[in-house]
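**Q** Please find one structure pasted underneath; my questions will follow.
The values are calculated or read from the model by the stated rules, or taken from the named source; none is laboratory data. Fair warning: this is a prediction, and the values are worked out from it, not measured in the lab. Positions of Cβ are backbone-derived with ideal geometry, glycine not excepted, and every protein chain shown enters the neighbour counts.
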Amino acid sequence: MRKFVLILTMIVASLLVKAQQTVGLEKYAETPYPVGNIAFTDKGELVYSNHPFFAPDIRVMHYNPQTKKSTPFPNKEWNTRRKNSEHFLDDVLGIRSDKNGVVWMLDMGLKTGITPKLVGWNTRTNKLEKIYPIPSPASIRTSQLNDFVIDEKRKVIVIADEEIGNGGDGSKAALVILDLTTGKAKRVLQSDRSTRPEKKPIVADGKQLNIPGTTKPILVGADGITLDKNNDWLYFAPLNGTKVYRVRMDDLLNTSGNALSQKVEIFSDKENNGGISIDVRGNLYLTLVGDKAISVIPYDTRKPYKYVMDAELVWPDGVSYNKDGYMYVSAAQLPLAAVFNNGKDLTKKPYSIFRFKPLTKGIFGR
């Protein structure tokens, strides 16, 4: 009996090790600016935001794998700021695509102080699809509308507001729900435990990232966000924090105030992370901004482990699945920026987009 138990224990241990195997990281593209978030057209063409932290001249770009060059998306005009119109991209990080060929770009509006907006560009017709302004009170003066997810079944978009714009400290972080039918937006879960940051500083290569010019750590609220394949559960988390949270979409849309807060549940532990993606089995993929790694949180065990690790994966940010079976991830190199290194730019050019194979098939647009 003792021998049987020993053999069984060894088999279980072997299966656990196999289940937690890491995978390799493949460099897919080199880019002229540090990359923020990533999306794809319905033809599988790569579109990405240049990370706004570095104040890029071009906010969004399209990558051509044949020429290995990037060009302004949707065109140069939309990437040119103007005084007499808000039909331009001012300050973009979040970018996602839907099943209708529309690439949605979330303009935070922080560089020129314009009203935040969501811009949809139809890649099938090569025309503007729709602009959705996100005015007060859905957005506030210190909003930094970051990542978002599209629920095409309910025709809503849910946005994570980090609340670190214009001197914000993340304490009023929230989720913003945009109704694509009415165009109305509302702010929920502001300052909730699930959206505000914990006092868990970001540490990269042994150095704490502080607010420039201070000794106070950067604390970022609601950041990564994703939705399961059936559009039932919304997963989200503050960047600085130890927990991933989730809430049913029906509860999110039909409950308010403290009653909604009570519907939010802790899904798992985590490290400080930026983007979140998900596969068809409900496994979560989190970019660990301080660890040069991507972790997986299996849906069944809810025990996170590092799935991808690479020395070049400096500040992995957005992570997104394409129809070719790969997940793509950026490396923004944010800790190497001059502002964190006594005025010296330590970033290494060109910048890179990587890809890796998830445990199982992912979900296009997530």
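**Q** Could you list, in sequence order, all residues of region 136-162 that are under 16 Å from Gly183 (Cβ atoms) and free of Cβ contacts under 8 Å to residues at least 40 places away in the same chain?
**A** Ser136, Lys155
**Q** Give, as residue ranges, the strands (runs of 3 or more DSSP E) completely inside region 18-110 that count at least 2 residues that are within 20 Å of the chain's Cα centre (by Cα). If you could, list the steps in order and put the result at the bottom.
**A** Values: elements: 26-31, 35-40, 46-50, 60-64, 69-72, 92-97, 102-107.
Result: 26-31, 35-40, 46-50, 60-64, 92-97, 102-107.
**Q** Any idea which of Ala293, Ala311 is small (Gly, Ala, Ser), out of contact with any Asp or Glu (no Cβ under 9 Å at 6 or more places or on another chain), modelled with pLDDT of 95 or more and at negative phi? Even if it seems obvious, please write down each step before you answer.
**A** Working: Ala293 fails: out of contact with any Asp or Glu (no Cβ under 9 Å at 6 or more places or on another chain).
Every option except Ala311 fails the conditions.
**Q** Sticking with this structure for a sec: Could you check region 290-300 and list, in sequence order, the residues that are over 15 Å from Tyr328 (Cα atoms) and touching a residue at least 12 places away in the same chain (Cβ under 8 Å)?
**A** So in region 290-300, the residues over 15 Å from Tyr328 (Cα atoms) come out as 290-291, 297-300.
Within region 290-300, Gly290, Asp291, Ile297, Pro298, Tyr299 qualify.
**Q** From the list Gly325, Gly343, which residue is in contact (Cβ under 8 Å) with a residue 24 or more places away in the chain and farther than 18 Å from Val149 by Cα? Spell out the reasoning first.
**A** Numbers: Gly343 fails: in contact (Cβ under 8 Å) with a residue 24 or more places away in the chain.
Residue meeting the stated conditions: Gly325.
Yes/no matrix, rows are residues, columns are (1) hydrophobic (A, V, I, L, M, F, W, C); (2) surrounded by fewer than 18 Cβ atoms within 10 Å (Cβ to Cβ); (3) more than 17 Å from Thr41 (Cβ to Cβ); (4) touching a strand residue (DSSP E or B) at 6+ places or on another chain (Cβ under 6 Å):
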site: Ser85; (1), (2), (3), (4): no, yes, yes, no
site: Phe88; (1), (2), (3), (4): yes, yes, yes, no
site: Ser97; (1), (2), (3), (4): no, no, no, yes
site: Asn100; (1), (2), (3), (4): no, yes, no, no
site: Trp104; (1), (2), (3), (4): yes, no, no, yes
site: Lys111; (1), (2), (3), (4): no, yes, yes, no
site: Val119; (1), (2), (3), (4): yes, no, no, yes
site: Glu129; (1), (2), (3), (4): no, yes, no, yes
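**Q** Could you check region 345-356 and list, in sequence order, the residues that are among the basic types (Lys, Arg) and either crowded, with 16+ Cβ neighbours inside 10 Å or more than 21 Å from Lys292 (Cα to Cα) (or both)? First the steps, then the outcome.
**A** Taking region 345-356 and keeping what is among the basic types (Lys, Arg), we get 348-349, 355.
Selection gives Arg355 alone.
**Q** Which of the residues spanning region 211-251 are in contact with a strand residue (DSSP E or B) (Cβ under 6 Å, 6 or more places away or on another chain), under 20 Å from Ser143 (Cα atoms) and in contact (Cβ under 8 Å) with a residue 60 or more places away in the chain?
**A** Selection gives Gly221, Ala222, Asp223, Gly224, Ile225, Thr226, Phe236, Pro238, Leu239.
**Q** How many of the residues making up region 53-81 are surrounded by 21 or more Cβ atoms within 10 Å (Cβ to Cβ) and within 24 Å of Asp310 (Cα to Cα)?
**A** 1
**Q** Would you please name the residue that is farthest from His51 (Cα to Cα), looking only at residues in region 316-339 that are in contact with a Lys or Arg (Cβ under 8 Å, 6 or more places away or on another chain) and among the hydrophobic types (A, V, I, L, M, F, W, C)?
**A** Met327
**Q** So Ser352 passes all but one of these: (1) free of Cβ contacts under 8 Å to residues at least 40 places away in the same chain; (2) more than 15 Å from the chain's Cα centre (by Cα); (3) more than 30 Å from Arg187 (Cβ to Cβ). Which condition number does it fail?
**A** (1)
**Q** So, one more: Quick one: how many residues across region 184-220 are farther than 17 Å from Phe267 by Cα and out of contact with any helix residue (DSSP H, G or I) (no Cβ under 9 Å at 6 or more places or on another chain)?
**A** 20
**Q** Return yes or no: is Lys153 surrounded by fewer than 20 Cβ atoms within 10 Å (Cβ to Cβ) and out of contact with any helix residue (DSSP H, G or I) (no Cβ under 8 Å at 6 or more places or on another chain)?
**A** Yes.
**Q** Condition first: among the small types (Gly, Ala, Ser) and either under 16 Å from Ile150 (Cβ atoms) or under 18 Å from the mean Cα position of the chain (by Cα) (or both). Now tell me which residues in region 111-128 satisfy that. Working first, answer last.
**A** Residues of region 111-128 that are among the small types (Gly, Ala, Ser), as a first pass: 113, 120.
The one that is among the small types (Gly, Ala, Ser) and either under 16 Å from Ile150 (Cβ atoms) or under 18 Å from the mean Cα position of the chain (by Cα) (or both): Gly120.
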